[in-house]
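What follows is a structure written as structure tokens; I'll ask about it next.
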Amino acid sequence: MAALVATPARIPGLDFPLEIKDLQNSRNTYNGLLDDADQPPVAEEHLQKLAALFVRHNAQETLGLHLIHGHFQTSENTVMLGTNFQNPMLRWTKVTRVTDVDLNNIHGHIFVFTGSGFIAYEKEFFVDFVDYLVTNDLTKLLGLQVLMDVNMTMWELILDQGTVMLDASVVRNCKPTRITGWRFEAVDGEPRVHESNETHAAMSSGNHKIFNAGKPLPKLENVDDLKTSLVNVDVL
């Protein structure tokens, strides 16, 4: 899943199963997000204070900080759905019909706060996190994301009606443009910020989309098609 709405009472996709209405809320939320290039910078002071908050509540192994952003508009009855793959490590997120989603086999990935507060399985952490966002007017800039079970820098590339997150060490002919995700850790008991857990990247040519709009778009029926297409444009 992409962006999910955090309600004052419960968090869909995190502490209770998703429903169709949650997918609709996710789509509506995503369509209202700014592009990462249009978001203001995240002050280092906030990153350090949030690192301390995550570590204090021992949340750094599960949750990270996400720069709230979107890249395009999605149509009615669709949702941004992400899937992890190996060889190389990647996360492919694409616009998916709601009717094709198995609600019993998905969970929320990125969470956007849009209410007056929320309560979940670790109440104190979420209360403190929301209080910090609201107090510092950061609710439209920063959100939570569930961390992938890897410890590597990932680059996000824009496809047609989708994105792919790739292990930065295998990406070719691209350059980083903006940090979009941070994870935290405790080193000798002190909080530390991973500066570039996730980064939006663009082609070295300057194109922000991997596939040129002036050429026929490749048919991406499965992850093998995606990998082949990325090889064909010299990204892998």
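Only the coordinates and a few stated rules stand behind these numbers; no lab work does. Keep in mind it's a predicted model, so treat the numbers as computed, not measured. For neighbour counting, all protein chains shown are included, and Cβ atoms are generated from backbone atoms with ideal geometry for every residue, glycine included.
Sequence gap at least 6, Cα distance under 8 Å: using those rules, report the relative contact order of the chain to the nearest whole percent. Before the final figure, lay out each step's value.
Numbers: 442 pairs, mean separation 56.0, N = 236.
24 percent.
Same structure, new question: Once the cut-off is 17 Å, how many percent of the Cα-Cα pairs in region 157-235 end up in the long-distance tail? Please report the intermediate quantities before stating the final value.
Numbers: 1583 of 3081 pairs.
When all Cα pairs of region 157-235 are counted, 51 percent exceed 17 Å.
Taking every Cα atom in region 11-110, find the radius of gyration and the maximum pairwise distance Dmax, and write them in Å.
Considering region 11-110 through its Cα atoms, Rg and Dmax are 15.6, 43 Å.
In this model, which of LYS21/LYS175; LYS21/LYS140; LYS49/LYS140; LYS140/LYS215 are farther than 28 Å apart at the alpha-carbon?
On the way: LYS21/LYS175 38 Å; LYS21/LYS140 22 Å; LYS49/LYS140 18 Å; LYS140/LYS215 35 Å.
The pairs that break the limit, which is 28 Å between Cα atoms, are LYS21/LYS175; LYS140/LYS215.
For region 92-97, what does the Karplus curve 6.51 cos²θ - 1.76 cosθ + 1.60, with θ = phi - 60°, yield as ³J(HN,Hα) per residue in whole Hz, taken in order and with x for Gly and Pro?
These are the phi-based 3J(HN,Hα) values: 9, 10, 9, 5, 10, 5 Hz.
Another question, then. For a quick protection proxy, order the peptides 68-77, 18-27 by their average other-Cβ count within 10 Å, most packed first. Spell out each step's value before the answer.
On the way: 68-77: 15.9, 18-27: 18.5.
Listed from highest to lowest mean packing, they are 18-27, 68-77.
Could I ask something else about it? Based on the Kirkwood radius over alpha-carbon pairs, what value in µm²/s does the Stokes-Einstein equation return for the translational diffusion coefficient of region 33-176 at 25 °C and 0.890 mPa s? Mind dumping the intermediate values first?
On the way: Rh = 16.9 Å.
Roughly 145 µm²/s, to the nearest whole number.
Taking LYS219 as the anchor, which lysines have their alpha carbon closer than 18 Å to its alpha carbon, excluding any fewer than eight residues away along the same chain?
In chain and number order, the partners are LYS94, LYS209, LYS227.
Could I ask something else about it? Given only helices, namely DSSP H runs of n ≥ 4 each adding -39500 (n - 2.57), what is the per-residue ellipticity at 222 nm of the chain, to the nearest 500 deg cm²/dmol?
Value at 222 nm, helices only, nearest 500: -6500 deg cm²/dmol.
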